[in-house]
Amino acid sequence: QQAKLDKLTEKLDTLSKSVISDNPDVEDIDALLGKMFGCIKPSSLSPIDTRSEEAFGAAMMEASVAALHVNLIGIGDELGYFSALLDKPMSYDDLSNAVNCDRRYTKEWCIVMTAGKVLDYNEEDDTFSVTATVQESVRVSMNPSGLVWGTILPVCIGDRRKLIEAFKTGRGIDWNDRDPQLYNSICSFFKPLYENHLVSSLPHEISKCLEEGGSLADVGCGKGLTSCLLAAAFPKATIKGFDYCKASIKMAQETVKKRELENVSFFVQNAKEFGHDSEDSFDVVCFLDCFHDMAVAKSAAKQAVAKTKPGGFCFLIEPMAAETDSVASQVALPTCSMFGSFSCHICLACAMCNSGDGLGTLCPTATFRDIFLQVGYSSFASIESPINSAGFRFFVAKK
């Protein structure tokens, strides 16, 4: 197992260097990941310090304070505090008036944000402003490296009682039962990665097919970000997005109207039945960071192969996990703590609904391979892509 991990690390290092060579304006892989993905490099995540009882207690307190701070950042973003402070520095009185919020809460929020180095305080004129390092996250929607966590984390923690019940019973938490803010946050989290690298990461055969007017089914499309990106990149192609979440599809349909895209449409349909009401088949089917969330994953793969034209393709983007279902292999990956935590709160909880397949974020590559080969695809391969270095796997199955 260690030999396999060493080989994977060597391949990722080689890939990183090749990606750097194609991006001369960045000096190292950390800078590139910040540019392409808008988040910290997965390998920089540190485990909780358990070297002693005192160290563990201190680490837990630090993490808890950080979580409260993150929640306040998300609240400030939603209330418009950051946007208002970008216009000009303000006192907390002026800020509370500008966003129509209570003065006392606004004052406390400003003090906490200043203590956490999120805001700067000018004592001479008693005003607050957004620090230079935070401004980019506020100004540029493609870089949600900071503010998006302010929504994802509170939503996850807010479902604590549901999650405890799920742990006890083995039931799931349906995506439709989540706070709608989670849909927006997940979309914002992946937006930089997909906008910068989805189209360029497609294998030549798939790109050529879409360029020539092929058809694609984006299953588990959510708010339609990827469907719209593909529709804009391949104007001759026909793109259809499917998702069982009504709220997400409604948002996707609104996005299409705003962008005036004529070659993409959206449907509220379960992944195991997508396209069932039509004779349509597709040149390409894709599952983008969603297959592991599906309670009906195996049925979805069966429907995918049924809806894929002979010689067609199915591709997936999935969080990094081990090749096999080995604890040692999983915990050796630097992404395990981050993606595994998401899985417990969101992905696995969704995949366990209605006695579901329960793949979760840490689903090993071998399981994906078995599922897609068993339903009838002739091949299944993991291909190298810049997305790998951001902590994700890119799979391609051919019918």
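Full extension of the chain segment joining Ser281 with Ser341 gains 17.9 nm, where the gain is 0.36 nm per residue of separation less the Cα-Cα distance. For region 184-236, a simple Cβ point-charge model (Lys and Arg +1, Asp and Glu -1, everything else neutral) yields a dipole of about 160 debye relative to the Cα centre.
Across region 248-329, how large is the tail of the calculated P(r) beyond 17 Å, expressed as a percent of all Cα pairs?
That tail contains 60 percent of the Cα-Cα pairs.
Cα gyration tensor of region 69-140, axes a ≥ b ≥ c as square roots of the eigenvalues: rounded (a/c below 1.5), prolate (a/b > b/c) or oblate? Cα axes put region 69-140 in the rounded bin.
The Cα atoms of region 209-365 give a gyration tensor whose axes a ≥ b ≥ c have a/c of 1.5 or more with a/b greater than b/c, which makes the shape prolate.
For Ile164 and Glu53, the FRET efficiency from 1/(1 + (r/R0)^6), where r spans their Cβ atoms and R0 equals 22 Å, is about 0.30. At q = 0.21, 0.23, 0.24 Å⁻¹ the log10 of I(q)/I(0) for region 190-264 amounts to -0.91, -1.07, -1.15, computed by Debye summation with a single uniform scatterer per C-alpha, solvent ignored. Shown for region 108-223: the carbon plus sulfur share of the solvent-accessible area, taken with all protein chains present and a 1.4 angstrom probe, equals 51%. Does region 334-381 come out rounded, prolate or oblate, given a ≥ b ≥ c as the square roots of the eigenvalues of its C-alpha gyration tensor, rounded meaning a/c under 1.5 and, failing that, prolate meaning a/b above b/c? Cα axes put region 334-381 in the oblate bin. Residues in region 311-371 average 34 Å² of solvent-accessible surface per residue, probe 1.4 Å, ligands and nucleic acids excluded.
Quotient of the Cα radius of gyration of region 297-399 and 2.2 N^0.38 Å, N being its number of residues: 1.09. Highest-first packing order for the peptide set 340-348, 326-334, 90-98 is 340-348, 90-98, 326-334, based on the mean count of other beta carbon atoms within 10 Å.
Considering only the other residues whose Cβ falls under 11 Å of the Cβ of Val375, what net charge follows from Lys and Arg at +1 and Asp and Glu at -1?
+2
The stretch between Ala66 and Glu384 holds 111.0 nm of extra length on full extension. This uses 0.36 nm per residue minus the Cα-Cα distance. Of the residues Gly213, Val268, Ala328, the one whose Cα sits farthest towards the positive end of the charge dipole of region 185-340 is Val268 (charges of +1 on Lys and Arg Cβ, -1 on Asp and Glu Cβ, taken about the Cα centre). Split the accessible area of region 274-323 by element, probe 1.4 Å, and carbon with sulfur accounts for 48%.
The values are calculated or read from the model by the stated rules, or taken from the named source; none is laboratory data. If you're wondering where the values come from, they're calculated on a predicted model, not measured in any experiment. Cβ: placed from backbone, ideal geometry, glycine included. Neighbour counts: every protein chain shown. Remember, those area values only see protein heavy atoms, side chains included, never the ligands or the DNA or RNA. Shrake-Rupley method; radii C 1.70, N 1.55, O 1.52, S 1.80 Å.
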